[in-house]
Structures are given as C-alpha cells and as structure tokens.
Protein chains: 4
Amino acid sequence: VTRLTEPDPGLTHVKLVVFDFDGVFTDNAVYVAQDGTESVRCWRGDGIGLDRLRRLGLELAVISTEVNPVVSARCAKLRLPCVQGSADKLAELQVLWERLGLGPDVTCYLGNDVNDAQALDAVAVPAVVADAHPEVVPLARLQTAAAGGHGAVRELCDRIASAIEADRDVRGEDVALAH
Amino acid sequence: VTRLTEPDPGLTHVKLVVFDFDGVFTDNAVYVAQDGTESVRCWRGDGIGLDRLRRLGLELAVISTEVNPVVSARCAKLRLPCVQGSADKLAELQVLWERLGLGPDVTCYLGNDVNDAQALDAVAVPAVVADAHPEVVPLARLQTAAAGGHGAVRELCDRIASAIEADRDVRGEDVALAH
Amino acid sequence: VTRLTEPDPGLTHVKLVVFDFDGVFTDNAVYVAQDGTESVRCWRGDGIGLDRLRRLGLELAVISTEVNPVVSARCAKLRLPCVQGSADKLAELQVLWERLGLGPDVTCYLGNDVNDAQALDAVAVPAVVADAHPEVVPLARLQTAAAGGHGAVRELCDRIASAIEADRDVRGEDVALAH
Amino acid sequence: VTRLTEPDPGLTHVKLVVFDFDGVFTDNAVYVAQDGTESVRCWRGDGIGLDRLRRLGLELAVISTEVNPVVSARCAKLRLPCVQGSADKLAELQVLWERLGLGPDVTCYLGNDVNDAQALDAVAVPAVVADAHPEVVPLARLQTAAAGGHGAVRELCDRIASAIEADRDVRGEDVALAH
C-alpha cells in the first residue's frame, strides 16, 4: 500500500468510484438511543469532493452490508445511489458494471473491513481508509491519510479529481471547472 | 499484563466469552438529552468479530451493572444474551456457568473498571480494554490495544478466533469458516 | 499547578467537593439537533468516584452558569445537588457553606474556564481539568491528568478518597469501605 | 500562515468578525439519525469569547453555505446574525459591509474549506482553523491552534479581544471590561 503524494497515472482512468458506508462515510461508530434508534457520525466536507467528481463526469455509488435508514438518509442528502443489505458486494459490483457499461478496470473501491475484501480484490484501484482493519490493508493500492468519517471520502475524491484534471490539462482537453 | 502479539495457547481453551457493557462495547461515554434519555456510542466492527466466535461454537454473554434500555437495544442487535442490574457480577457468572455446563477454566471476561475486579479474578482469561481504570489493569492477563468502543471487542474476538483456528488446523480438525 | 502523584496532605481535609458542569462532567461540547434541543456527552465512570466520596461522608454539589435541562438530568442520575443559572459562583458557594456549616478551608472546587476564576480563588483546593482554559490553570493547585468528560471527575474523586483513606488508616480510624 | 503568539497590530483594527459555520463552530461532523434529522457538535466555550468581543463593540456574523435548522438553532442561542444558503459568500460579505457601513479593511473571516476561499481572499484578516482543508491554509494570515468545534472560535475571539484591549490600554482609552 502506498500513501501516494504524487499524481498517480492509474487514477486518471477511474470512471466509477464505489464506497462502503460504515467506517468510510462514518467513523465506524453507531450511536444507539434508549428506543434502539441509531445515528451515525458523517463528515460535512465529503459533499464538496463528491460534487467535484460528478462535474468531471464520474459515476458514484455506495454498497452497504447493513440495511439501515441512516444509510438511506445520508446517501439521499449526498445524492448517491445506494445498495443496502448486500451479503455479496462483488455481485453488486457486477450488477453495477452491467448497468453502467463499465468494468473493474475503471473502478475504484473504498472500504475498511474484511467484508470489503472481495470487492477490493476485484477492482483496478482498491483503496482503504487510514483506520482500516489490518487484514484488508494489504489488499489496497491506496490508503487515505484521513480516517473514515474524518475526511477519507473527501481525500480520495480530491486525489482522483486532481489526477484527472492534471491529465486532461496535459492532453489539452476541456477540464470541468473544479471548485 | 501482556499485549500478546503471538498466538496464546491459553486462548485455545476458551468456550465462553463474557463482556461488561459500558467502557467495553462503548467508549464509556453517555450522551444525555434534555429529556434525560440516554444514548451510547458503539462500534460497528464488533458484530463481525462476535459472528466469527459464534461460527467456532463459542458461547457469548454480557453482564452489566446498570439497567438501561440502550444495553438491551445494542445486545438485541448483536444477538447477545444480556444480564443487567448486576450488583454482583461473580454471582451472575456462576449462574451462567451452571446453565451452560461450563466453568471459569474455559471463560474469558473483558472489563474496564473496578466493578469488574471480582469477575476478572475468577476466570482463566481475564482481559481489559486499552483505556481500563489503572486499578484493574494488573488483574488482567491480556489488554487489548484498542480502547473500549473503538474496536476492543472486535480485537479480542479476532485474537481468540485466530488462536482456536490455528490450534484446530494443527490438530487437523475441521475449522469453521472464518469470515 | 502540580499534577500530584503522591498523597497530598491538603486533600485529607476536604469535606465538600463542588463541580462546574460543562467542560468538567462533559467534554465541553454540546450536541445541537434541528429542533434546537441539546445533548451533552458525560462519562459513565464518574458515578463510581462520586459514590466513593459519599461513603467517606463528603458533601458534593454542582454549580452551573447555564440553566439547562441536561444539567438537571445528569445531576439527578448522579444524585448530585445542583445550582443552575449562577452568574456569581462565589455567592453560590457562600450559600452552600452557610447551609452545610462548612467553609472554604475544607472545600475543593473543580472548574475549566474563566467563569470559574472567582470560585477557584476562594477555596483551599482549587482544581482544574487537563484541558482547562489557559487563563485559569495558574489559579489551580491541582490539575487532573484526564480531560473534562473523559474521567476528570472520577480522577479527582479517586485522589481525594485515596488521601482520606490513607490518612484515616494511619490514624487507626474506621475507613468506610471503598469500592 | 503564522500561528501568532504575540499581539498582532493588525488585529486591533478589526470591527467585524464573520464566521463560516460547519467546521468552524463544529468539528465538521454531522450526526444523522434514522429519520434523516441532523445534529452537530458545538463548543460551549465559544459563547464567552463572542460576548467578550460584543462588550468591545465589535460586529459578529455567520455565513453558511448550507440551509439547516441546526445552524439557526445554534446561532439563535449565541445571538449571532446568520445568513444561510449562501452560494456566494463574497456577495453576502458585501451586503453585510453595506448594511453596517464597514469594509474589508476592518473585517476578519474565519473559515475551513475551499468554499471559503473567495471570502478569505477579500478581507484584511483571513483566518482558518487548525484542521482547515490544505488548499485554503495558504490564503490565511492567521491559523488557530484549536480545531473547529474544539475552541477555534473562542481562541480567535480571545486573540482579537486581547489585541484590542492592549491597544486601548496603551492609548489610555476606556477598555470595556473583559470577562
């Protein structure tokens, strides 16, 4: 795993970024109230990064193992398509690729735990958060400096966007206006 | 207290893991709202570790001093049997041993504060979280690197599961599929 | 300010411990919901420390600048008498001393910010939390190693209780059973 | 960017302090409940700093990109005028200057992310929090040692107040009573 500090040519090919939810958009905590209702802690800065990738034309999606209204609520606010209750994340990725006409070679997946292992193994740019479970860190090509729920999503978006913008600039292509 | 980095033969005998709740499943904080209702902060990753021990056939239980709906809510979600309002945790352990036909020699107890002292003294594998009260740390044989509510439960489950799996592997026994 | 590591003879005279609320029982954060209702983050371990001082016969009280139902809720659970909406904490201390027949010479006050300055100046054992505002740290005789809402109350209670127990032991007096 | 440790003569001219909300009054987290309602984590100590600036006669305001009831709730409690849903913070600053008869030369702006860049560029005292996005740090003349939601607002208020008080003292002017 490399904490990339220079533009990575591999990132310029990314057309689809898929995220796990808990531990990626959140700090992997769940707040449980007396009536059993749950809350999660997300990061306000993630929206700016996701918008930046959208303006560059990338596809975005969330695949979550758990079925939970907090996932729906947060993804709706961030305007992210979201699959929940996924026991087999790789199968969901394949559905996604079919629907979008894209493949693993242009996909980046950001995860944090052992239930992300198959998805990480399947994509061109497997990425994990700074505080990922030790068993999945070796599966990643890229590890964010920020922890889940503390800017990891934003950091990955910023890196991919910067790489694509730099590449389009070199090629003289039109770069969508970034922030 | 040893922060074990190598497989511990003592862990291979564990058949029952008992957990305190506050400070173990949580970071020992309680969120108090204006109407007095409470919430606690738990760790999403704990469920994967508990499932791994269940697949290996281990018994799991929670014993909590306080009676609180947040404990019931969280334990229900994690499918953990749970005793609350326990002034005498050792007495609850004895009830548990009677019911399961198990004893202190195959029991691991994970605690964090002075009200866990008697339970820690009574079991073969007394364990405490990284941020346990200084008075109970010397009672433990094992201290997790992770703090309560930040992966301590998951870490203990992973250690015990890895020890049992490695031991069964050596003996040529069937190892239940781990994650 | 000394971070005391040895028993302090000054602590053995304490008969009354008074606490500020925000930044002492909490981490000085307030959680604000969309409807404006507030929550605060407290520390489960504080109750054990307060009970220990009660068993030794000490008086306990909370004086808070703000009027807030979360303060009432938390203090009710910890069975702590609580004065709220206090613009002049020193005046409240004097009311308290009058009522209890005690004085500044046997009082310890734990605070965290500039609105605690007068109270800190008035008592025999002025104490502040690890993350107190820099302006009040020089007013304290004792600073906890733990931050507010992360065990500061428990730590102060444990120190005072240990000092009193050690002193009574030396004098051959009956020491109330500590935890 | 300088982390100022000595009085800064530039701060003595400040007559208006404008704050971003998320990541400045908060730690940039948002707590999302199952029903989609949101909460944010603010800092109790900020109120004392804002009151100190008010007593010195300064104008205060909040400009937030997002429209959110939590912003209204917190600003109402802190008695801060607040503009929400601002896509163009610089335009809002200009409205504010017009209304107050003040200009950029006497304005301090505290922000944390790229959507604060234009506002930071426009004022005499651009300031960012300790954990600001790396892209905006170079735009600031002052960076707080405290992170957003962990005392950054209080720290900026204390610095400006101390500078103005010291300056008025030198000039023999009446200094409004500070805390």
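What is the sum of charges, Lys and Arg at +1 and Asp and Glu at -1, for the other residues whose Cβ falls under 14 Å from the Cβ of residue B:50? Within the 14 Å Cβ shell, the charges total +3.
Please give the FRET efficiency for residue C:37 paired with residue D:162, using the beta carbon to beta carbon distance and R0 = 22 Å, rounded to the nearest 0.05. Don't jump to the answer; show the numbers that get you there.
Values: r = 35 Å, r/R0 = 1.57.
That gives a FRET efficiency of 0.05.
For chain D, what does the relative contact order come out to in percent, with C-alpha contacts under 8 Å and a separation of six or more?
Values: 326 pairs, mean separation 55.9, N = 179.
For chain D, the relative contact order is 31 percent.
Contact residues in segment D:43-64 by the 40 Å² criterion (accessible area, 1.4 Å probe, full protein complex versus chain alone): D:43, D:44, D:48. The residues packed around residue A:21, meaning those with a beta-carbon under 14 Å from its beta-carbon, carry a net charge of -4 if Lys and Arg are +1 and Asp and Glu are -1. For segment B:88-124, a drop of 10 Å² or more in accessible area on going from the chain alone to the assembled protein chains (1.4 Å probe) is found at B:113, B:114, B:115.
Can you classify the protein assembly as shown as rounded, prolate or oblate using the Cα gyration tensor, where a ≥ b ≥ c are the square roots of its eigenvalues, rounded means a/c under 1.5, and otherwise it's prolate if a/b beats b/c and oblate if not? Spell out each step's value before the answer.
Values: a/c = 2.14, a/b = 1.00, b/c = 2.14.
Cα axes put the protein assembly as shown in the oblate bin.
According to the calculation over all Cα-Cα pairs in chain D, the P(r) per 5 Å bin from zero is 1, 9, 18, 22, 22, 15, 7, 3, 1, 0, 0, 0 %. Modelled spin-label separation between residue C:105 and residue B:54, with each label point placed 7 Å from Cα along the Cα-to-Cβ direction: 6.4 nm.
Based on Cα contacts under 8 Å between residues 6+ apart, segment B:26-92 shows a relative contact order of 26 percent. In terms of the Cα gyration tensor, with a ≥ b ≥ c the square roots of its eigenvalues, is segment B:84-179 rounded because a/c is under 1.5, prolate because a/b exceeds b/c, or oblate? Here segment B:84-179 falls in the oblate category. For segment A:139-144, the Karplus equation 6.51 cos²θ - 1.76 cosθ + 1.60, evaluated at θ = phi - 60°, returns couplings of 7, 8, 9, 9, 10, 5 Hz by residue, with Gly and Pro reported as x. Considering amide H positions built from the backbone, and no H for Pro or chain starts, which residues 5 or more places from residue A:34, or on another chain, come under 5 Å of its amide H? The list, which skips near neighbours in sequence, is B:38.
When N is the residue count of segment D:35-91, what does its C-alpha Rg come to as a fraction of 2.2 N^0.38 Å? Walk me through the numbers on the way to the answer.
Values: Rg = 12.8 Å, N = 57, 2.2 N^0.38 = 10.2 Å.
Scaled against compact globular proteins, the figure is 1.25.
Just the number please: accessible area per residue for chain B, 1.4 Å probe, all protein chains included, in Å².
The answer is 39 Å² per residue.
Taking only complete DSSP H runs, can you tell me which helices of chain B stretch 24 Å or more along their own long axis by Cα positions and average at least -1.0 on the Kyte-Doolittle scale? Helix filter hits for chain B: B:152-170. Of all DSSP-defined beta bridges confined to segment A:30-154, some 20% are antiparallel rather than parallel.
Counting DSSP beta bridges in the protein assembly as shown, what percent are antiparallel, to the nearest 5?
Working: 28 of 100 bridges.
For the protein assembly as shown, the DSSP antiparallel bridge percentage is about 30.
The packing ranking of peptides D:66-77, A:110-121, highest mean first, is A:110-121, D:66-77, where packing means the average number of other beta carbon atoms within 10 angstrom of each residue.
Straightening the chain between residue D:171 and residue D:118 buys 15.6 nm, computed as 0.36 nm per residue apart minus the Cα-Cα spacing. Considering only C:140, C:87, C:61, the mean-square fluctuation computed in a Gaussian network model of chain C, springs between alpha carbons under 10 angstrom, is largest for C:87.
Scanning chain A for cysteines with no neighbouring cysteine C-beta under 4.7 angstrom from their C-beta gives A:42, A:108, A:157.
A simple packing score, the average count of other Cβ atoms within 10 Å per residue, orders the peptides B:18-30, A:151-163 as B:18-30, A:151-163, with the highest score first. Pairing chain B with chain A buries about 1700 Å² of accessible area. This figure sums both sides and uses a 1.4 Å probe. Here residue A:77 and residue C:98 are evaluated by their C-beta separation; at R0 = 45 Å the FRET efficiency comes out at 0.25.
Projected label points at residue A:135 and residue A:66, each 7 Å from Cα along the beta carbon direction, are separated by 1.8 nanometres. Taking amide H as placed 1.01 Å from N in the peptide plane, the amide H of residue B:62 sits under 5 Å from that of B:19, B:82, B:83, each at least 5 places away or on another chain.
For n ≥ 4 DSSP H runs only, could you compute -39500 (n - 2.57) per run for chain B, divide by its residues and tell me the 222 nm figure to the nearest 500? Present the calculation step by step, with values, prior to reporting the outcome.
Values: 5 runs with 56 residues, N = 179.
Value at 222 nm, helices only, nearest 500: -9500 deg cm²/dmol.
If you take every residue apart from residue D:64 with its C-beta less than 12 Å away from the C-beta of residue D:64, what net charge results, scoring Lys and Arg +1 and Asp and Glu -1? Around residue D:64, the charge tally is -3.
So, with a 1.4 angstrom probe, what is the percent of accessible area on the protein assembly as shown that is carbon and sulfur?
Numbers: 14500 of 28010 Å².
That share works out to 52 percent.
With the label put 7 angstrom out from Cα along the Cα-to-Cβ vector, residue D:77 ends up 1.7, 1.7, 2.4 nm from the copy partners, going from closest to farthest.
Rounded to the nearest 20, the Cβ-based charge dipole of chain A about its Cα centre (Lys and Arg +1, Asp and Glu -1) stands at 500 debye.
The values are calculated or read from the model by the stated rules, or taken from the named source; none is laboratory data. All values reported here derive from a predicted model rather than from experimental measurement. Here Cβ is always computed from backbone atoms with ideal geometry, including for glycine, and neighbour counts include all displayed protein chains. Note: areas computed on protein heavy atoms with side chains; ligands, DNA, RNA excluded. Shrake-Rupley method; radii C 1.70, N 1.55, O 1.52, S 1.80 Å.
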